[in-house]
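The structure under discussion appears below in the form of structure tokens.
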Amino acid sequence: MEKLPTRNPRSGAVDYQMPVFAPRAVAAEAASLREGQIAWLAAGVDGRVQAMTAWAQAMRKRRSEMLEALAADTGRWSEGEIEFEATLGAVARWCQQAPELLAAGPDKATALPHIRVAQGRVPYALVGVISPWNFPLLLSLIDALPALLAGCAVMVKPSEVTPRFVPVLNAALAEVPLLREALRFVTGPGSTGEALIDQVDLVCFTGSVSTGRRVAEQAARRFIPAQLELGGKDAALVFADADLDLAAKALAWGSMVNAGQSCMSLERCYVERTVFDRFAALLAEHVAGLQLNWPDIRAGAIGPIIAAPQAALIRRHLEDAYAKGARALTGGQVVEHEGGLWCQPTVLVDATHDMQIVRDETFAPILPLIPFDSEAEAVQLANDSAYGLSGAVFTCDEARAMRVARQMKAGAVSINDASLTALIHEGGKQSFGLSGLGGTRMGAKSIERFYRLQAYLINDGRPSPWWFAI
Ligand code: NAD
């Protein structure tokens, strides 16, 4: 099998060779998964829950191996621990709720006493997942878990930037033969993703808007559904009556965690003018306390830029912002340490809506602050974006928080907290604008994306009134 050299984000060195699944290998995996899906479906939801639970235990046994692999992939440590626990937590949550969600309800009566309806669900036989590099483990499985429990086989194409976790995951899978035949990882670049779309019955894509558009076009040509979870430029609104210190701490986390490399990272912050300077100083103070995780991966909160090309984009956004008058209260640059690239945690003021750093996704630990004078202006500024993934509102007036949140064009709004969708997956949410397309990936309803409803309309043996009178 051909190999693709993989860069280490801490050293910049190529220190891993990733196997590349060519289209023929992807087709072979797909054929095998379609066979495996028959036994997987036949096992029933209880059998699937048992297999997934056994797999989670096999993963737990490999915790330290998995954390090492994720650290090599991403150059950070504590986020890998959170990611690992969140993934196993998601397995447990889905296993707990799937039997009830998939239980056949009683037949339904209709307007005619002799006809009733039974509801069936037919899972898509083979679901494809294409995932990005920012949370390699969690995002390769977040859609796969409900799909598997619904009875689908799943083929995952993880990001070529972060493939080192896959052998550890496969070793855990090998312990559960039933699941091993229903879940496979195919590594490779974008062309492996294209080959996957040619084989599957439904595709779940998480990644950039530009790739998402290509995925949707290819899926449309094949007439298969594409669920798209794309980029964002999430806005936070801080009103004067908010607990400003709490808001500053929440936003320091929500904009800087994982070095800003999260789709639901807060990348713009609007602050009521009367408290702007006070809030900016508080936030800058908290953010200035965050250290890079160099040279010690386990110390410091800010990991390296995981994908090298991202560094050039961040530098472009910063240069454009400085050229248009923005100032850094803290941080402000991309720095290099022995081949790895880090973006300093940064708070910007004098930012405006004509700056790339306010309009386009930066995917970096940078938060530009902009003042507003009224609630209406705050909402208007938040909604002045091509994206609509999530957002945040800080105010002690809950009625105002809800009024503002309802007007925001965003799939989820955290209130007096930041980026809650990273860890709280119970609420259904759908994207606005360029941030995605399709059903909710969160909440119990998200399992409904993975089966078609089938209705069985049952006549108990009497003629229906609209039949020909013969
Ligand atoms: P990307 O679009 O470059 O790549 C994502 C995946 O698509 C990779 O596995 C890649 O190999 C694959 N791919 C590339 N070309 C393809 C093609 N033509 N056909 C099929 N697959 C192809 O995204 P990225 O840089 O890995 O990830 C960062 C982006 O992901 C950011 O924009 C971020 O906001 C977004 N993201 C969104 C969410 C969400 O839930 N909305 C979550 C995490 C990340």
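The values are calculated or read from the model by the stated rules, or taken from the named source; none is laboratory data. Because the structure is predicted, anything quoted here is derived from the model rather than measured. All Cβ positions, even for glycine, are placed from backbone atoms using ideal geometry, and neighbour counts span all protein chains on display. Note: accessible area is taken over every heavy atom of the protein model, side chains too, but ligands, DNA and RNA are not part of it. Shrake-Rupley method; radii C 1.70, N 1.55, O 1.52, S 1.80 Å.
Worth pointing out:
- You will find that of ALA51, ALA13, ALA39, the residue that is surrounded by 15 or more Cβ atoms within 10 Å (Cβ to Cβ) and touching a residue at least 12 places away in the same chain (Cβ under 8 Å) is ALA51 and no other.
- Selection status of LEU196, assigned to a helix (DSSP H, G or I) and within 9 Å of the ligand (Cβ to nearest atom): yes
- Among the residues examined, THR274 does not qualify as surrounded by fewer than 22 Cβ atoms within 10 Å (Cβ to Cβ), modelled with pLDDT of 95 or more and closer than 29 Å to VAL154 by Cα.
- Number of the exception - SER208 against (1) small (Gly, Ala, Ser); (2) touching a helix residue (DSSP H, G or I) at 6+ places or on another chain (Cβ under 8 Å); (3) within 12 Å of the ligand (Cβ to nearest atom): (2)
- Flag for LEU420 being out of contact with any strand residue (DSSP E or B) (no Cβ under 8 Å at 6 or more places or on another chain) and either at pLDDT below 95 or open to solvent by 60 Å² or more (accessible area, probe 1.4 Å) (or both): no
Yes/no per residue for (1) surrounded by 15 or more Cβ atoms within 10 Å (Cβ to Cβ); (2) under 26 Å from PHE394 (Cβ atoms); (3) within 16 Å of the ligand (Cβ to nearest atom); (4) at pLDDT below 95:
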position: ALA284; (1), (2), (3), (4): yes, yes, no, no
position: ALA288; (1), (2), (3), (4): yes, yes, no, no
position: TRP294; (1), (2), (3), (4): yes, no, no, no
position: ARG298; (1), (2), (3), (4): no, no, no, no
position: ILE305; (1), (2), (3), (4): yes, no, yes, no
position: ALA311; (1), (2), (3), (4): yes, no, yes, no
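- Members of region 168-193 found to be within 9 Å of the ligand (Cβ to nearest atom) and either at pLDDT below 95 or open to solvent by less than 10 Å² (accessible area, probe 1.4 Å) (or both), listed by number: GLY188, THR192, GLY193
- Residues being without any contact (Cβ under 8 Å) to a residue 60 or more places away in the chain, within 12 Å of the ligand (Cβ to nearest atom) and among the aliphatic types (A, V, I, L, M) - total across region 130-165: 2
- Of all the listed residues (GLU65, GLU81), the sole one being within 17 Å of VAL168 (Cα to Cα), surrounded by fewer than 19 Cβ atoms within 10 Å (Cβ to Cβ) and free of Cβ contacts under 8 Å to residues at least 24 places away in the same chain is GLU81.
- In the set (1) touching a residue at least 12 places away in the same chain (Cβ under 8 Å); (2) open to solvent by 10 Å² or more (accessible area, probe 1.4 Å); (3) not hydroxyl-bearing (Ser, Thr, Tyr), ARG24 fails one condition alone, (1).
- Answer residue from region 362-383, given it is assigned to a loop (DSSP other than H, G, I, E, B), surrounded by 24 or more Cβ atoms within 10 Å (Cβ to Cβ) and not β-branched (Val, Ile, Thr) and is nearest to the ligand (Cβ to nearest atom) among those: PHE363
- Flag if ALA69 is assigned by TED's automatic domain parsing to the domain that holds THR206, part of a helix (DSSP H, G or I) and touching a Phe, Trp or Tyr at 6+ places or on another chain (Cβ under 8 Å): yes
- Filter pass, ASP354 being away from the ligand (no atom under 15 Å from the Cβ) and either under 27 Å from the mean Cα position of the chain (by Cα) or closer than 23 Å to ALA378 by Cα (or both): yes
- Test set (1) surrounded by 21 or more Cβ atoms within 10 Å (Cβ to Cβ); (2) more than 9 Å from the ligand (Cβ to nearest atom) - LEU228 fails condition number: (2)
- Selected residue (only one of GLU285, GLU272, GLU217 is of a type in the set (Asp, Glu) and in contact with a strand residue (DSSP E or B) (Cβ under 7 Å, 6 or more places away or on another chain)): GLU272
- Hits in region 135-167 (condition: open to solvent by 10 Å² or more (accessible area, probe 1.4 Å) and in a loop (DSSP other than H, G, I, E, B)): PHE135, ILE142, GLU160, VAL161, ARG164
- Residue list for region 169-192, restricted to those being outside any loop (DSSP other than H, G, I, E, B) and closer than 20 Å to ILE306 by Cα: GLY190
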